[in-house]
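Notes follow the structure.
What follows is calculated from the coordinates using simple rules that are stated; it is not laboratory data. Everything numeric here is computed off the predicted structure, so don't read it as measured data. A quick note on method: Cβ atoms are made from the backbone with ideal geometry, for glycine too, and the neighbour counts reach across all protein chains shown.
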Amino acid sequence: MKKKGNSNENKTYEVVTDRFIKYIEEHGRLPWRKPWMVVNPDNPQMNYKSGAPYKGCNVFLTLMGGYSSPYWLTYKQAFEMGGHVKKGEHGTPIIRWQPADKSKLKAIDEDNNLTDEEKSERKRKMFGFYKMFTAFNAEQIEGIEFPNPEPVKPREFSPIEEAERVIKEMPKPPIIRKHGKTALYIPHSDTVIVPDGEYSLSGPHYYSTLFHELSHSTGHENRLGRLKDRRNAAFGSSDYSKEELVAELSSSFIMNELGIENEGTMENSAAYLANWCSAMKAEPKMLIQAMHKAIPATNYIFGREA
């Protein structure tokens, strides 16, 4: 039987992993791949009571909620500050590293009944563990007056004429909507959603993202039909990996041909593709097969024969 501590730690890993997978399945991208501004850097995600900014995994866990406020509290903290969580609200998991109890480590060292090997083994098991808490965003809490965070300020955006022409002349294009804090392609409504160019980190980032989603749309049954027979599009599946690879390659091909690629976009693309290396290693033909599909997708967007 597993010890309680091990069981709780395993549960923490499961909850966090499930959260990331659900986000990816719903949004069609990794939570850290955001080539646009979603928060003001002067207002980092933080615990409102302590004022401590979140770090590492907790930054993504809180950002995935899509809340405009960067302030968070646990249920108990909200109560202690005179507020309460709204009825029916669901919290966000937050994890914190709990180091080993130093007094217990000292006791192991001083136990003469243990061999050095036994001492090392016991101390290894007490290295520490992740403890999970549940936090609620300021928008989920009543009775507390939170500061209004400074909104993200749009940047000057200069459309790239040649890229705009390609987008405008794409045959049988999908619906393109520019709003929100996410980018995705919705097959059942044949809709591409991207944030407005003014909220992109740069013009190249904006077009790279838009062409990625347009590349997905070429798989619609009314175009190249690539998505018609996909039976398993769950995150981590072979089909999911292949389609993401097709879209990323196609976007890169388009950007390169238009001559608007830059270092930041290339780094972003490389980091994104790196996440599928395990899938490509398991299936060596994947990259070549994806390229063979990315080329017709690219040609379709340009209005050329596949």
Which of the peptides 112-120, 141-149, 187-195 is most tightly packed, and how do the rest follow, going by the mean number of other Cβ atoms within 10 Å of each residue?
187-195, 141-149, 112-120
Full-extension gain between Glu14 and Glu139, please, as 0.36 nm times their residue separation minus the C-alpha to C-alpha distance.
42.4 nm
Estimated FRET transfer efficiency when R0 is 41 angstrom, pair Leu114-Phe79 (beta carbons, to 0.05)
0.40
Neighbouring Cβ atoms within 10 Å as the yardstick, rank Ser241, Ser217, Ser68 fewest first.
Ser68, Ser241, Ser217
